[in-house]
Each structure stands twice: as structure tokens, then as C-alpha cells.
Amino acid sequence: MNRRQFLNFIAQAGVLAAYPGFAVASRLPTTDDVVFLTPSDSDYTMHTDLFNKRFNRHPKIIAVCFTEQGVQSAIALARGKSLPVAVRSGGHSFEGFSLNDDGLSIDLTLMNSFKLLDNGQFVTGPACRLMEMYEYLIPQGRLIPAGSCGMVGIAGLTLGGGYGIFSREHGLAIDWLKRLRLIDGLGKIHEVEQGSDLFWACRGAGNGNFGVVTQLLFDTLKAPSHISRYLFQAGNLTPQRLSKIAKLWFSISAQLPNEAFSAFVHNGKKLNILITSTLSTLTPGMSDLLKQLEQVMDKRLLDNTLELMPGIRRYYGKLTPLNFKNASAGYYRSYADIENVAEKIFETVSQGNGLLFQINTLGGAIRKPGQTDAAGCYPHRDYAYLGEIQSYWENPEQEAGAVAGVAQVQQLLAGNGINAHYSNYPDTNYDKWQTQYYGAANYTRLQAIKKQYDPDNVFRYPQSIKLG
Ligand SMILES: Cc1cc2nc3c(=O)[nH]c(=O)nc-3n(C[C@H](O)[C@H](O)[C@H](O)COP(=O)(O)OP(=O)(O)OC[C@H]3O[C@@H](n4cnc5c(N)ncnc54)[C@H](O)[C@@H]3O)c2cc1C
């Protein structure tokens, strides 16, 4: 929708303005396609708040775009002024990569229209939020496997891979992406699909590297009717007890059917183990696995089945900005990958710096044996687990301790050979990010694609693909 249509829509529906980043610029538009804001404009600060409050970035120009023509004008302006360009959809980048301090930021927040087509495909603007997608698709019986946090943007999530509680059964978000539109560093529009190098690159490494993705087209799948949830909790934890339970959890989660997902979440004080499943009945095998968990955990907090829509809503999480530092804690194949450092990690997380160590199950349909171009460039399909280290704080004086705690856990993992990381959980501490996110061979090919579509390196941030 363009600016005029958007304002009409807002006036009629009275929606969205409550969300951070959705505020409408009151200043007269430069055109119907884009509004350019500079720090002296009163509306400017409405577009500088990111989900991660740790960052306070101030681009020279923010281009609030409504249409592809608006994006082209923004790129032309940035090129004319030799400004680096950052791209923002949902604004949830862990490292705030969607805003820069010295350049032009393309804000796509209002390019968020979406529609389920008669053929069952879902076409969407880049800034549709995951919760908007679920609230729209699920009542129509359709689904795309993506993450669960409600305000994450569909573009940012998908371009890095995109996994969630349905991924073991149905794969990554990129596995359902069929086509996208992108405006490259020269301002040229491309519509690409399977068979194109650019499509391969955008399915795993598309975040702010080659251009601005303005539209995504997905296949959808039949949504399951229900989701079952089992949650176990333990307190009075020692690093030794945590390690013992972790070992058991790795073994149990490896036996789960693909319809199930599990998360191991140690928040320093308590350990929560969640299992979700879309199976209509509890198989004897799963019953046995749950019993084993019950024996080592203190209590079962949840054991229920909900209709999918209310079930998914339980995992939307916080919808408003937070102070945090989260990062990939690496991919693992089994407990053996972290066994040597598990106790030390649990000890560090327990030390009270607001740290949280989480491991999620992957595997199942994410795996693509003998990965070919058709699977996109996301290189971590063989791993069965993804770790994430998180820290949260309220007061500024807690920040240094929280950030140092994250680094400590990262060092332990790196020292133990954990070196593959998820590009959608980026961290500037990762100095070999090129291979850690993309793999060496893929990175070289991505550089060649960068050269073709963004030869002047217009799109750049600390961990963007570099020209060769
Ligand atoms: C609370 C929270 C929960 C999360 N949960 C999950 C999860 O369950 N599963 C999962 O896979 N990931 C998850 N993530 C990670 C998430 O996938 C990434 O943070 C994602 O990049 C966010 O996308 P965005 O559009 O919201 O963010 P943005 O900050 O707008 O963008 C993130 C990156 O993508 C680039 N980008 C954004 N839009 C475009 C575009 N249109 N064209 C080109 N480049 C673009 C930006 O330049 C930036 O580098 C979570 C993150 C948070 C903060």
C-alpha cells in the first residue's frame, strides 16, 4: 500500500499505531512513495527505536518507504550522497543491524500488506509481523513454519533461514519461500525464484546484503488443529545436576518424532524443559520419554492440548522493546559437543547476571541430505540443536555484567570447538562470522553474488558480505 492508502487504512481501522515502529510520520511526504526524515524532523525519533534498546543509532537519513518506487528513490539518494544503506523490516536484529549511525536507513515498517491467494500461496510485504501472519493464516487453516515471537518481521527471519516449533516437521521458512522481489544496489528490481543465484543467496544470507526484499511469496501448508504442550521444571540446581539432566534431555530429544519440538531453558535459577507436539495422540514412545523427564525434573507444570491459535499465542513473547544481549551459542550434533564445558556454562549462567542459556531442537525436515542449490545457502541443516545465550536487564548498571556473562559463555563454547553460528542470531564478538554463519565455500560464492547485485557495496553493516 502507498502512503495515502495506509493513512486511510489507519484512519478506518485504528490499528497498529500502538506498536513500536508503526507510528506514522506526520510530516508531509516527500512523495506518495517515500518520506525522507533527518534528525531535525520531529518524526525522526519514531523510526529509531529498535526492539533491542541496547542500541541508540542515528542514521543521517531515514527513508520511510511505502512502495518499491520509494525504495528505488532511497537507494538513488544514498548512492548520490555515498551513504551506506541499512534495511529494516521488523527491527528485531540482535545487533541492531537494521539501523546505522552514519548512513541511510530504509524503513520498510509500513510495507506490511499480505494476502492468502486462491492457490494457497501467501504473498507478503517484508514487514509483516509473525503474529500478523499467524492470526491471519491459522483461522484459514494454513501455516508457514516460522519462529514464534510475535513482533519479529517475516523478511528478516526468512532471509536468514527461519526456524520454529514446526520446523522439525515441515522445515525452515526458506523451504516454503517460492519467490521474492528484491531491489539491488543499483536500484534494479529483480523477481527471483528457484534456479536463480540470487534466490539461493537470499535463502540463508539475504539479510541486508544484496538489496532490499520488497515482497515474499510462500507456499503454505495445512495447519494442524491443535498443539500439545508439556513443561517440566527443576530448581535447586547445581552445575552437576544440570549437566546430568542436559545429557538425558539430549538423548530424549533425539528420539522425539518430527511432529515434536523441545527447548531446554536454564535461566540461572530454574531449568524449564518444554516439549510441544502437533500429534493428535501421545504415542507410547513419547509417553515413555515424558516419564523419563518427570523422574529427573521436580515437577510437571503443563500437560495440555490447545487449539493451534491460542496455543501459538502463548509463545508470542514480549511485544515491546527490551534491553538485551542475545547471541547464537552455536549448533550442536549431540551432548558430546558441549559435554566438556557444560558444567562451566551452567555455573556461569547461575552466577546471577540475568543470563539464560537455551537449546532448541532442529533436525527432522530441516535436514536435506546431500544439500543442493535447491535448499538455499543456509549451511547448518545437519545439526540437531541450536544454542542461544541471552541476557536481559532493567537498569543500565546491570548491562556490563550481563554482556560480560554472554562473552564468557561464548568463550567457553569457542574453546570447546563450537564454531558454527546462526546468522539470524548474529554477534559482533564472532570475528570469523563469514565462515561461522555461511560456511567457507558458500561465503566465496556469496561474495561473487554480492559483486553482481551490489557492486558498490551500498548495503553494508559490520557483518555484511564483503566484496571479494
Ligand atoms: C525476540 C526474538 C525472537 C526471535 N525468535 C526467532 C525464532 O523463533 N526463529 C528464528 O529463526 N529467529 C528468531 N529470531 C531472530 C530473527 O529471525 C532475526 O532477528 C531477524 O533477522 C529479525 O528480522 P526483523 O525483520 O524483525 O529485523 P530487522 O532488524 O528489521 O532485520 C534484521 C536483518 O535483516 C535485514 N533485513 C530486514 N528486512 C530486510 C529486507 N526487506 N530486505 C533485505 N534485508 C532485510 C536487516 O538489514 C538486518 O540485517 C528472534 C529474534 C528476536 C529478537
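Rule-based calculations on the coordinates, nothing more; no lab input. Keep in mind it's a predicted model, so treat the numbers as computed, not measured. Cβ atoms come from the backbone with ideal geometry, glycine included; neighbour counts cover every protein chain shown.
Values for this structure:
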{"quantity": "Mean residue ellipticity (222 nm) of the chain, computed from DSSP H runs ≥ 4 via -39,500 (n - 2.57), nearest 500", "calculated": "-8500 deg cm²/dmol"}
{"quantity": "Euclidean distance of C-alpha centroids, the stretch 156-178 and the stretch 422-468, integer Å", "calculated": "20 Å"}
{"quantity": "Added length on full extension, which subtracts the Cα-Cα distance from 0.36 nm per residue, Ala76 to His226", "calculated": "49.2 nm"}
{"quantity": "Label point distance in nm, Asp43-Glu347, each placed 7 Å from Cα along Cα→Cβ", "calculated": "5.5 nm"}
{"quantity": "Gln398 paired with Arg367, simple spin-label distance in nm, labels 7 Å along Cα-to-beta-carbon", "calculated": "4.0 nm"}
{"quantity": "Three-way shape label, the stretch 367-445, alpha-carbon gyration tensor, a/c 1.5", "calculated": "prolate"}
{"quantity": "Efficiency of FRET between Ser287 and Asn419 - r from beta-carbon atoms, R0 35 angstrom, step 0.05", "calculated": "0.40"}
{"quantity": "Shape of the chain, Cα gyration tensor, a/c cut at 1.5", "calculated": "prolate"}
{"quantity": "Given Lys178/Lys222; Lys247/Lys291; Lys244/Lys269; Lys53/Lys270, the pairs whose alpha carbons are separated by over 20 Å", "calculated": "Lys53/Lys270"}
{"quantity": "Between helix 68-80 and the chain: long-axis angle, C-alpha atoms, 0 to 90°, nearest 10", "calculated": "80 degrees"}
{"quantity": "Ordering of 73-83, 327-337 by packing [mean C-beta count within 10 Å, highest first]", "calculated": "327-337, 73-83"}
{"quantity": "Förster-model FRET efficiency, 30 Å R0, Leu306 and Ser251, C-beta, rounded to 0.05", "calculated": "0.60"}
{"quantity": "Ascending count of other beta-carbon atoms within 10 Å, so fewest first, for His226, His170", "calculated": "His226, His170"}
{"quantity": "Normalised contact order of the stretch 261-396, rounded percent, pairs of Cα under 8 Å and 6 or more residues apart", "calculated": "36 percent"}
{"quantity": "Gyration tensor (alpha-carbon) shape descriptor, the stretch 24-96, a/c threshold 1.5", "calculated": "prolate"}
{"quantity": "Under-5 Å amide H pairs with Tyr385, H placed in peptide plane, nonlocal only", "calculated": "Tyr332, Leu362"}
{"quantity": "Rounded to whole Hz, the Karplus (6.51, -1.76, 1.60) HN-Hα couplings of the stretch 91-96, x for glycine and proline", "calculated": "x, 9, 3, 4, 9, x"}
{"quantity": "Whole-number percent relative contact order across the stretch 317-468, with pairs defined as alpha carbons under 8 Å at least 6 apart", "calculated": "30 percent"}
{"quantity": "Nearby aspartates and glutamates by direct alpha-carbon distance to Lys325 (threshold 13 angstrom, same-chain neighbours under 8 apart not counted)", "calculated": "Glu95, Glu388, Glu394, Glu399, Asp427"}
{"quantity": "Helix 239-253 vs. the chain, principal-axis angle (Cα, 0 to 90°, nearest 10)", "calculated": "80 degrees"}
{"quantity": "Helix 3-13 axis, angle to the chain major axis (alpha carbon atoms, nearest 10°)", "calculated": "50 degrees"}
{"quantity": "Net lengthening on full extension, Lys53/Leu117 (0.36 nm per residue, minus Cα-Cα)", "calculated": "19.4 nm"}
{"quantity": "Chain lengthening between Lys466 and Lys318 when straightened (0.36 nm per residue, less Cα-Cα)", "calculated": "49.9 nm"}
{"quantity": "Relative contact order of the chain, pairs being alpha-carbon contacts under 8 Å that are 6 or more residues apart, as %", "calculated": "16 percent"}
